[in-house]
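As structure tokens, the structure follows; a few thoughts come after it.
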């Protein structure tokens, strides 16, 4: 009876050694690589809009731009759209009777019931307005009796929120007449970033 027991024990030991060897061999084999495509798409190039009415801003390349030349009433009516993303962003320059951004935020009828926050726009005091339905974000200020605003209709919120932020954050006033009318119709790249100044001695 001892011989079968010894045979079983020897079988278990040999089997265990064989199984351990298999595990060691399989662990040393190169594993197939699973390539993961990086989700980060290259950021779109930023173009600069310079307008003879005294302002400039940056916006992502690839948008459709409509200057609304038929609008003879307002100082600015520049609409940005994209065929794949419902919604838009419009840069406005409109006459207002409001003395400043605070008065403008309180007197605009369409802002009734909206969330209004203090902000900085074009390096001056401004207002940010959030309208729930339809989803909109409006940032603007009042300068020389003109309400300057960047208004986003956020139908495709993920896309247009980014576009709105880019335009609103880069919006600045420049000397009126420093840009030719023809120059404003085509976007240009600024050679010097907004944070740099060229010093000529």
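Where a number appears in this text, it was derived from the coordinates with a stated rule and is not lab data. For clarity, every value in this text was computed on a predicted model and none was experimentally measured. Every residue, glycine among them, receives a Cβ derived from its backbone with ideal geometry; neighbour counts consider all protein chains shown.
Key figures
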read-out	value
Counting all C-alpha pairs of the stretch 131-181, share separated by more than 13 Å (%)	64 percent
Sequence ranges 134-140, 152-158, ranked by mean other-Cβ count within 10 angstrom, highest first	134-140, 152-158
Prolate/oblate/rounded label for the stretch 86-169 (Cα gyration tensor, a/c 1.5)	prolate
Among 50-57, 80-87, the order from most to least packed when residues are scored by Cβ within 10 Å on average	50-57, 80-87
